[in-house]
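Okay, so here's the structure we're looking at.
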Amino acid sequence: MRVAAFILACTLSASAQPGPQEVSARLDKDQVQVFVAGKLFTCYKFAASGKYPYFWPVNGPASGKSVTTETSEPYPHHHSLFFGCDRVNGGNYWQEGNERGQIVSIGPKIIQDSGRQVVFTDKCLWQRSGEKPIILDLRRVAVSSPSETIRFIDFEITLDPLTDIHILKTNHSLFAARVVPELSVSSGGTLINAEGKTGEKGTWGVASPWCDCSGTRNGMTEGIAILQHPPIYRGWFPCKWFTRDYGFFSPTPMFWLEEGQLEIPKGETLTLRYRVIIHSGDAKAADINALFKQYTQQANSPLSEQKTLR
């Protein structure tokens, strides 16, 4: 009886452990809404009037409040979690002013709308007002929640030049996050990279496979990490980071280009992969190092196998 009771207790204990959460997605006008366990987690916003598509909110698993800010001073063009670039063929696909350049969604398609993960794709055109598009990008987004305290956003993007592309040295480039002020280093939060270096002083211009920013708000500690998936175009992995104590961080090689510019000829594509982890606790509590190893051991996503972009 004692043995049977012990086995039953172990079984009940194991079944009580939090496991993967149910995820679902739906298209609602100009956004893809993603829910975890029935609660809104994030929205992929792609309004035609926007500078570029972006994710907001990006809600923490404990607080249910966004760990990123949709817009904030001193740089209101930082929209939460986004992808863009300045100084591309003379255009600006990063800062405000759509006439200078805009990344326009053709319209997302939900491939998997529920289960252990949701998946949607999007095609976007990089164009300036009155001119032909210069880049077609294809995005694949997968969202999952392996536990009650962890959320994943897997973001893969392939840039397909429609003409020869010239990108000058710029810090305004590629994938980036802007956290809410309460979680920033300036407010007592922690910005840390894979080598344990912290703050803007320790992480700016430093090559690292990931960075994490976490802080405490209303008694709850939460954070967000960006992971890069190797291999990266032209040996960029790991990229150097552009970081700011006010809450901005971005893995980008564009500010440290050896020749001062990047040339991508028509017909040559560039594919980049990232995993965003939204988590309870700080980077150590979430074990971002272990999650990074897990991420890099996974097979490449189907996007790189899709031949037809246009």
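Given a Förster radius of 30 Å and the C-beta distance between Leu168 and Leu125 as r, what FRET efficiency does 1/(1 + (r/R0)^6) yield to the nearest 0.05?
Computed FRET efficiency for Leu168 and Leu125 comes out at 0.90.
What's the center-to-center distance, using Cα atoms, between the range 83-158 and the range 29-75 in Å?
Measuring centre to centre over Cα atoms gives 13 Å.
Between beta-carbons, use under 9 Å as the cut-off and find the net charge around Val206, counting Lys and Arg +1, Asp and Glu -1.
Charge balance near Val206 sits at +1.
Report the extension gain between Tyr75 and Lys109 in nm, rounded to one decimal, defined as 0.36 nm multiplied by the number of residues separating them, less their alpha carbon distance.
My answer for the length gained is 9.1 nm.
I need the Debye-formula profile for the range 140-181: one equal scatterer per C-alpha, no solvent, reported as log10 I(q)/I(0) at q = 0.18, 0.20, 0.23, 0.34 1/Å, two decimals.
Rounded to two decimals, the profile gives -0.83, -0.91, -1.01, -1.14.
Of Lys109/Lys293; Lys45/Lys123; Lys51/Lys132; Lys29/Lys123; Lys65/Lys123; Lys65/Lys201, which sit over 19 Å apart, Cα to Cα?
Flagged as over cut-off: Lys109/Lys293; Lys65/Lys123; Lys65/Lys201.
Would you work out which of Asn218, Ala62, Ile165 lies farthest towards the positive end of the dipole of the chain, given +1 charges on the beta-carbon of Lys and Arg and -1 on that of Asp and Glu, about the Cα centre?
Farthest towards the positive pole: Ala62.
Mean residue ellipticity at 222 nm from the helices of the chain, using -39,500 (n - 2.57) per DSSP H segment of n ≥ 4 over the full residue count, to the nearest 500 deg cm²/dmol?
Helix contribution divided over all residues of the chain: -3000 deg cm²/dmol.
What trypsin sites (Lys or Arg not before Pro) does the range 245-293 have in DSSP loop regions with at most 12 other beta carbons within 10 Å?
Lys266
Can you tell me how much longer the chain between Ser147 and Thr296 gets when fully stretched, taken as 0.36 nm per residue apart minus their C-alpha distance, in nm with one decimal?
Net length gain for the segment: 51.7 nm.
With the crude spin-label approximation of a point 7 Å out along Cα→Cβ, what separation in nm comes out for Glu99 versus Glu195?
Simple spin-label model gives 4.5 nm for this pair.
Over the chain, how many percent of alpha carbon pairs lie in each 20 Å bin up to the one with the longest distance?
33, 57, 8, 1, 0
Taking the Cα centre of the chain as origin, sum charge times position over the Cβ atoms of Lys and Arg (+1) and Asp and Glu (-1), and report the length of that vector in debye to the nearest 20.
About 400 debye.
Values quoted throughout were computed directly from the atomic coordinates according to the rules given, and no laboratory measurement underlies them. In this text, all values refer to a predicted model and were calculated from it rather than measured experimentally. Here Cβ is always computed from backbone atoms with ideal geometry, including for glycine, and neighbour counts include all displayed protein chains.
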